[in-house]
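**Q** The structure that follows is given in the form of structure tokens.
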Amino acid sequence: MSAWDARRLAAASGAELLRDGGGEAREEPPSAAVDTRALRPGELFVGLAGEREDGGARAAEALAGGAWGVLVSPQHAPGAVAAAERLGATADEPAGTVLVHPRPLQALQRLASAWREELASAGARVVAVTGSTGKTSTKDILAALLAGAMPTAASPANLNTEIGLPLAVLDAPAGTRALVLEMAMRGRGQIAELTEIAAPDVGVIVNVGPAHLELLGSLEAIAAAKAELIAGLRPGSKAVVPAGELLLQAHMRPELETVTFGAGGDVRLLEGGPDGRVRIDAGGELVELEPSFRQAHNLCNLLAAVAAARALGVHPSGRLQVTFSAMRGQRAELPSGVLLIDDCYNANPMSVRAAIDDLAAEAGEGREGRHLRSVAVLGDMLELGPSGPALHREIGEHARRQGVGLLVTVGPLAAAVAQGFGGESHTLADAARAAEVVPQLVGAGDVVLVKGSRGVGLERVAEALREAVPAGQR
């Protein structure tokens, strides 16, 4: 790999170099940050215009906080240069590179593409993962599968947007051989934009479901938006898709190698034993794994991950320890005797059904042979459009069929879940009220699922449950 200095960084990003802070060239471009609160010393700060604030106004703060340099729009360039000059006059080491571009986000994306190409020139391959639900968990599983075979980097947390994905690419160190990138979308054209930046060798679509219906209008439109990943793959690349997904059939391309997963697919689950071992038929090859999880939806995600790993020439086996991203089904035994399933990062009809199934299985197994009460704390599922009320009622019906013992709904849309449920339920206005009430409704032996769309803020409920005092100590 050739060295990266300020001049090369400017050329790769298409930015103008106003001030070269100096210093030795490095083997990789600096990782980047768009928030001074998350900035690490030595990173490039990119000042992006947001709804409330233009980050370029914080260039001086970023430089004072140890940024390698700043990338800002022209209006913030004079202030950034002045701040860099002041810093340079007092610093022991060279500091204060200033880059300017009329569209800093575009420059960030171009820089990420340049680094992705340099990684590829040294042998790295990229896997892109999208889907209506489960894409983060699939990314986490795939990264764990690959890590034992080659140096692997993956999107941290939820860096999966037109801003987050470039940050994730730039976070991948030199020497990376597998880069797993998550892709999210809110409308048409966004997956295509991310695919152009990532240039993936393998594209994975975990599923297609009724998320973002309000924005896209139909399942067919959602499938078309997800399939922008397929459209953007280069000839000879590999596409990993759910077996029998009719919504994707019109988008498949003969010049791609397609691998299907799930029942009837190329990669399918043969059995999952009580000892935690699973046996998978992967294109005629037997794969035996002992994953650290057992939820049915994550076993399906495992199939997608195995298909993607094999597309990179990795043949996994043995124990598989996966640390899932926060608020995505983590279990915690609380001092109050409650078993908490914290799955409150986001929600749509597919993911909520899967979470209720997981809740029912956990409560049905019990602890020490006891059958436990299942409690579902469910918040609004947002962005469902006119179908929202019916889809919420259907969730209530599903919860009743799965034997949920107590339902708590949070938010105006989720109230319709109680209508479909018909059993013992409480309807609460918001997360603040739920954080007060829910700890009083549950107790030792209960298994409590907390799940809702991110905008509902149900992490407050999960935190209140963690802090609840056991009944005997009140």
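The values are calculated or read from the model by the stated rules, or taken from the named source; none is laboratory data. All values derive from a computational prediction rather than experimental measurement. We place every Cβ from the backbone using ideal geometry, glycine too, and count neighbours over all the protein chains shown.
**Q** Does Val278 meet the test of being of a type outside the set (S, T, N, Q) and either exposed (fewer than 15 other Cβ atoms within 10 Å of the Cβ) or over 29 Å from Pro389 (Cβ atoms) (or both)?
**A** yes
**Q** Give me the residue from segment 125-144 that is in a helix (DSSP H, G or I) and of a type in the set (Lys, Arg) and, out of that set, surrounded by the fewest Cβ atoms within 10 Å (Cβ to Cβ). Spell out the reasoning first.
**A** Of all residues in segment 125-144, those in a helix (DSSP H, G or I) come to 135-144.
Filter again for of a type in the set (Lys, Arg), leaving 135, 139.
Details: Lys135: 25, Lys139: 30.
The qualifying residue surrounded by the fewest Cβ atoms within 10 Å (Cβ to Cβ) is Lys135.
**Q** Continuing with the same structure: From the list Ala33, Ala15, which one is crowded, with 20+ Cβ neighbours inside 10 Å, touching a Leu at 6+ places or on another chain (Cβ under 6 Å), among the aliphatic types (A, V, I, L, M) and farther than 13 Å from Leu167 by Cα? Break it down stepwise before answering.
**A** Details: Ala33 fails: farther than 13 Å from Leu167 by Cα.
Matching residue, one of Ala33, Ala15: Ala15.
**Q** Also: Looking at segment 220-237, can you tell me whether even one residue there is in the same structural domain as Ala198 (by TED's automatic domain parsing), among the acidic types (Asp, Glu) and in contact with a strand residue (DSSP E or B) (Cβ under 7 Å, 6 or more places away or on another chain)?
**A** No: zero hits.
**Q** For Ala157, are the conditions met, namely being under 27 Å from Pro104 (Cα atoms), modelled with pLDDT under 95 and assigned to a loop (DSSP other than H, G, I, E, B)?
**A** For Ala157, the condition - under 27 Å from Pro104 (Cα atoms), modelled with pLDDT under 95 and assigned to a loop (DSSP other than H, G, I, E, B) - is met.
**Q** Name the single residue that is nearest to Ala307 (Cα to Cα) among those in segment 212-264 being in contact with a helix residue (DSSP H, G or I) (Cβ under 6 Å, 6 or more places away or on another chain) and touching a residue at least 60 places away in the same chain (Cβ under 8 Å).
**A** In this case the residue turns out to be Val240.
**Q** Looking only at segment 43-72, count every residue that is assigned to a loop (DSSP other than H, G, I, E, B), in contact with a strand residue (DSSP E or B) (Cβ under 9 Å, 6 or more places away or on another chain) and surrounded by fewer than 20 Cβ atoms within 10 Å (Cβ to Cβ) and tell me the total.
**A** Going residue by residue through segment 43-72, those that are assigned to a loop (DSSP other than H, G, I, E, B) are 43, 47-48, 50-53, 65-68.
Next cut, in contact with a strand residue (DSSP E or B) (Cβ under 9 Å, 6 or more places away or on another chain) only: 43, 47-48, 65, 67-68.
Now drop any that are not surrounded by fewer than 20 Cβ atoms within 10 Å (Cβ to Cβ), which leaves 48, 65.
Number of matching residues: 2.
**Q** Let me ask another. Is it the case, given these coordinates, that Val127 is more than 16 Å from the chain's Cα centre (by Cα), over 30 Å from Asp54 (Cα atoms) and in contact (Cβ under 8 Å) with a residue 40 or more places away in the chain?
**A** Taking the combined requirement at face value, the residue does not satisfy it.
**Q** Continuing with the same structure: I'd like to check something: does segment 336-351 contain any residue that is in contact with a strand residue (DSSP E or B) (Cβ under 6 Å, 6 or more places away or on another chain), acidic (Asp, Glu) and crowded, with 18+ Cβ neighbours inside 10 Å?
**A** The answer is yes, given that some residue of segment 336-351 is in contact with a strand residue (DSSP E or B) (Cβ under 6 Å, 6 or more places away or on another chain), acidic (Asp, Glu) and crowded, with 18+ Cβ neighbours inside 10 Å.
Rundown of residues vs (1) in the same structural domain as Leu146 (by TED's automatic domain parsing); (2) part of a loop (DSSP other than H, G, I, E, B); (3) at pLDDT 95 or above, yes/no style:
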residue: Glu255; (1), (2), (3): yes, yes, yes
residue: Thr258; (1), (2), (3): yes, no, yes
residue: Gly265; (1), (2), (3): yes, yes, yes
residue: Gly276; (1), (2), (3): yes, yes, no
residue: Arg294; (1), (2), (3): yes, yes, no
residue: Leu303; (1), (2), (3): yes, no, yes
residue: Ala307; (1), (2), (3): yes, no, yes
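Residue by residue, here is whether (1) aromatic (Phe, Trp, Tyr); (2) loosely packed, with under 15 Cβ neighbours inside 10 Å; (3) within 25 Å of Phe324 (Cβ to Cβ) holds:
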| residue | (1), (2), (3) |
| --- | --- |
| Gly364 | no, yes, yes |
| Leu372 | no, no, yes |
| Asp380 | no, no, yes |
| Gly403 | no, no, no |
| Leu406 | no, no, no |
| Ala414 | no, no, yes |
| Asp430 | no, no, no |
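**Q** Which condition does Asp54 not pass, out of (1) acidic (Asp, Glu); (2) touching a helix residue (DSSP H, G or I) at 6+ places or on another chain (Cβ under 9 Å); (3) closer than 18 Å to Ala174 by Cα, if it passes all the others?
**A** For Asp54, the exception is condition (3).
**Q** Next up: Quick one: in segment 326-335, which of the residues that are at pLDDT 90 or above and more than 23 Å from Arg277 (Cβ to Cβ) is farthest from the chain's Cα centre (by Cα)?
**A** That would be Pro335.
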